[in-house]
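The block underneath contains the structure these notes are about, expressed in structure tokens.
The values are calculated or read from the model by the stated rules, or taken from the named source; none is laboratory data. Predicted, not measured: the structure shown is a model, and the values here were computed from it. Neighbour counts are summed over all protein chains in view; Cβ atoms, including those assigned to glycine, are modelled from backbone coordinates with ideal geometry.
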């Protein structure tokens with residue numbers, strides 16, 4: 001039996017029994033069949049059963065609930081998306097862009113509300129989000145971000161902080177300022193996933209674990225054609241609606257292989273720090289902490305006094321494979337440890353007790369998708385690019401509304417039924433992604449060395465935005 005507690009600190013410390021639920025044993029029928037027992041699939045099941053408690057909902061999971069990004073992430077329940085307001089405006093208009101960002105912010109509050117109402121113990125700590133500039137070369141990006149938010153009428157929830165005001169939140173070496181919003185909360189992500197799984201079971205859903213979906217068919221696509229289907233080696237799940245909610249892991253399905261790019265996000269975790277160290281650092285409100293760098297960095301403080309330091313940097317692998325061994329990449333993990341010690345010299349003698357990672361799903365246009373084709377009985381939510389905690393809640397809520405025929409402000413968002421074009425075939429995909437990964441690292445290093453902000457005119461910067 002696999003030791004799922006070794007997957008991440010969050011699964012190790014969630015306090016839940018990680019023994020897999022029974023696998024599918026033969027073919028079954030349901031009203032809604034969901035691929036994936038992560039946030040997207042579980043939130044979809046939750047809102048479906050809240051709307052129509054009599055629905056037969058079956059969730060099929062290759063490993064255990066919360067095994068993927070839902071049980072491994074940086075503990076960020078935060079507003080915003082990886083695709084900018086300006087790009088959303090260019091594609092969908094000013095008002096649609098504003099409504100999209102507002103909906104993701106609302107999803108943060110919705111997660112806290114459901115956790116309280118349903119008594120899910122997820123270590124909810126609503127300290128907000130703080131993007132920190134370390135040096136004058138990073139400060140312009142914060143001012144630009146605030147101007148963009150103000151242009152869309154969203155700036156009233158954000159505040160630029162100078163060096164002294166930032167120090168009232170936390171103290172980071174070479175920090176020169178920050179952009180703060182009270183919207184955002186740190187969580188114990190595995191507790192959210194595992195708690196949602198138990199909750200939807202109590203509401204009537206059935207979760208089949210240790211059951212790999214090998215293919216899917218829309219209504220009219222196979223056999224008698226009257227229902228959509230999830231195909232597994234253990235049997236077929238037939239349903240009026242099939243929901244594909246596997247995020248990066250959807251690329252294991254042949255027909256979705258190029259729909260997303262699996263990119264690894266890796267994390268290191270310090271030992272619990274003594275009280276005198278925390279008095280030096282501050283960070284009393286457990287704010288989510290990030291950076292405006294192109295090479296993503298994200299931090300959070302755990303309830304037991306550890307520092308989580310995460311980021312990108314692991315190389316893209318030719319052919320987009322997803323393998324367990326890629327969850328650890330020692331050069332990237334060591335780079336993150338060194339960065340953590342640069343940010344917090346108090347960590348120089350501290351031990352790092354955990355290192356893990358996992359794939360996130362990146363669409364070709366950085367644009368999340370929430371779609372439902374009623375005729376074919378197919379629905380999906382994917383493409384969060386590392387902003388999955390809040391966006392998955394929005395996606396699950398929206399999918400449930402689409403499936404049950406409700407019209408809401410969410411079902412009118414431009415994320416609904418958006419279609420991203422596929423990634424290029426290999427070797428062009430590998431060449432382009434590896435070039436961009438390396439080049440953006442060089443942009444960040446040059447800016448830090450020169451003290452000058454990136455000008456945004458290079459090819460790699462254009463690729464990062466498009």
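Before moving on, here are some points about what is shown:
- Residue count, the range 438-466 (criterion: in contact with a helix residue (DSSP H, G or I) (Cβ under 9 Å, 6 or more places away or on another chain) and at pLDDT 85 or above): 7
- Put simply, of 223, 235 the only residue that is out of contact with any helix residue (DSSP H, G or I) (no Cβ under 7 Å at 6 or more places or on another chain), at pLDDT below 95 and either within 18 Å of residue 26 (Cα to Cα) or outside the structural domain of residue 400 (by TED's automatic domain parsing) (or both) is 223.
- The single condition from (1) surrounded by 18 or more Cβ atoms within 10 Å (Cβ to Cβ); (2) not in a helix (DSSP H, G or I) that residue 392 fails is (2).
- Residue match in the range 199-220 (condition: crowded, with 23+ Cβ neighbours inside 10 Å, in a loop (DSSP other than H, G, I, E, B) and out of contact with any helix residue (DSSP H, G or I) (no Cβ under 7 Å at 6 or more places or on another chain)): yes
- Selection status of residue 231, buried (at least 20 other Cβ atoms within 10 Å of the Cβ) and not in a loop (DSSP other than H, G, I, E, B): no
One line per residue, one yes/no per condition, for (1) more than 18 Å from residue 392 (Cα to Cα); (2) in contact with a helix residue (DSSP H, G or I) (Cβ under 7 Å, 6 or more places away or on another chain); (3) crowded, with 24+ Cβ neighbours inside 10 Å:
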site: 12; (1), (2), (3): yes, yes, no
site: 27; (1), (2), (3): yes, no, no
site: 30; (1), (2), (3): yes, no, no
site: 43; (1), (2), (3): no, yes, yes
site: 48; (1), (2), (3): no, yes, yes
site: 61; (1), (2), (3): no, no, yes
site: 71; (1), (2), (3): no, yes, yes
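- Every residue from the range 118-161 that is over 25 Å from residue 103 (Cβ atoms) and assigned to a strand (DSSP E or B): 132, 133, 161
- Annotation note: Cβ proximity below 8 Å between a residue of the range 29-50 that is on the phi > 0 side of the Ramachandran plot and a residue that is in a helix (DSSP H, G or I) (sequence gap 6+ or interchain) occurs for 36/247; 36/249.
- Within the range 315-357, tally of residues that are under 30 Å from residue 174 (Cα atoms) and either part of a loop (DSSP other than H, G, I, E, B) or touching a residue at least 40 places away in the same chain (Cβ under 8 Å) (or both): 25
- Scanning the range 293-304 for residues that are assigned to a loop (DSSP other than H, G, I, E, B), surrounded by 15 or more Cβ atoms within 10 Å (Cβ to Cβ) and modelled with pLDDT of 95 or more turns up just one, 302.
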